[in-house]
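Comments concern the structure below.
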Amino acid sequence: MTRKDIPNLISALRIVLVIPVVWALLSEKFTTALILFAIAGFSDALDGFLAKRYHWESRLGSILDPIADKLLLVASFASLTWLGLLPAWLLWIVLGRDVVIVAGGLTYHYRLGQFDLTPLWSSKINTLLQILLVLAVILQQYVAIPLLDSIIQIGIWLVVASVVNSGTEYIAVWGLRAWRQSRNQ
């Protein structure tokens, strides 16, 4: 293993963190969940920073990082929905976007060939908003701050807007790329 593998190792560790985060949430051990989720959220920023700053990007990293993000966020949203702390419709909207993106990516890959898995900025913003929403919901269970109720409601609608924006942008950008590439073949 070399230094170049550090971002991939961080992403793999984030995948491993999904299980204790879900356990802590479902056991209503919100202090533990908050700490573990914060570590996972920080690790997402760290692996991206290291990969870009030191040019340690790799194909494996471009696959591992979004898988780690999706597993952590979907598992956290599902757990918080199960506990009644987030609305079920929000979970379905988040899942719907991810299913559309994965289905589109697989279709592109098998019909047109391998593609670069570079995330769009709207997707990075969407991931950040989802992380912040989960942190706010967990924090609300840990401490009683009246302002958090309003922040969470605003956060829910920001996540909805970012999911719709990001999903639409992926469809437009990758649809156009697929159309152009199919015309050139």
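For the stretch 109-126, the count of residues that are of a type in the set (Phe, Trp, Tyr) and surrounded by 13 or more Cβ atoms within 10 Å (Cβ to Cβ) is at least one. Among the residues of the stretch 157-165, is any touching a residue at least 24 places away in the same chain (Cβ under 8 Å) and either of a type in the set (Phe, Trp, Tyr) or outside any helix (DSSP H, G or I) (or both)? No, the stretch 157-165 contains no residue that is touching a residue at least 24 places away in the same chain (Cβ under 8 Å) and either of a type in the set (Phe, Trp, Tyr) or outside any helix (DSSP H, G or I) (or both). Scanning the stretch 83-111 for residues that are closer than 18 Å to Gln153 by Cα and either not small (Gly, Ala, Ser) or not in a helix (DSSP H, G or I) (or both) yields Leu83, Gly84, Leu85, Leu86, Pro87, Trp89, Leu90, Leu91, Trp92, Ile93, Val94. I'd like the residue in the stretch 98-108 that is more than 11 Å from Trp174 (Cβ to Cβ) and touching a helix residue (DSSP H, G or I) at 6+ places or on another chain (Cβ under 9 Å) and, out of all such residues, is surrounded by the fewest Cβ atoms within 10 Å (Cβ to Cβ). Across the stretch 98-108, the extreme among qualifying residues is Val102.
Answer with yes or no whether Leu120 is closer than 13 Å to Leu73 by Cβ and either free of Cβ contacts under 8 Å to residues at least 60 places away in the same chain or in contact with a Pro (Cβ under 7 Å, 6 or more places away or on another chain) (or both). Criteria not met by Leu120. Is it true that some residue in the stretch 128-145 is surrounded by 15 or more Cβ atoms within 10 Å (Cβ to Cβ), farther than 30 Å from Arg177 by Cβ and small (Gly, Ala, Ser)? Looking through the stretch 128-145, at least one residue is surrounded by 15 or more Cβ atoms within 10 Å (Cβ to Cβ), farther than 30 Å from Arg177 by Cβ and small (Gly, Ala, Ser). The set of residues from the stretch 1-38 being of a type in the set (D, E, K, R) and either assigned to a helix (DSSP H, G or I) or more than 20 Å from Ala78 (Cβ to Cβ) (or both) comprises Arg3, Lys4, Asp5, Arg14. Would you check if Leu148 is assigned to a helix (DSSP H, G or I), at pLDDT 95 or above, surrounded by 12 or more Cβ atoms within 10 Å (Cβ to Cβ) and aliphatic (A, V, I, L, M)? For Leu148, the condition - assigned to a helix (DSSP H, G or I), at pLDDT 95 or above, surrounded by 12 or more Cβ atoms within 10 Å (Cβ to Cβ) and aliphatic (A, V, I, L, M) - is not met. Within the stretch 26-52, the set of residues being farther than 19 Å from Asp116 by Cα, surrounded by fewer than 18 Cβ atoms within 10 Å (Cβ to Cβ) and of a type in the set (D, E, K, R) comprises Glu28, Lys29. Of the residues making up the stretch 166-183, those that are hydroxyl-bearing (Ser, Thr, Tyr) and either touching a residue at least 60 places away in the same chain (Cβ under 8 Å) or surrounded by 14 or more Cβ atoms within 10 Å (Cβ to Cβ) (or both) are Ser166, Tyr170, Ser182. Each residue in the stretch 151-165 was checked for being surrounded by fewer than 17 Cβ atoms within 10 Å (Cβ to Cβ) and small (Gly, Ala, Ser), and 1 of them qualify. Just one of (1) assigned to a helix (DSSP H, G or I); (2) closer than 13 Å to Tyr170 by Cα fails for Pro119. It is (1).
The values are calculated or read from the model by the stated rules, or taken from the named source; none is laboratory data. As the structure is a computational prediction, the values presented were derived from the model and not from experiment. Note that we place each Cβ from the backbone using ideal geometry, even for glycine, and neighbour counts take in every protein chain shown.
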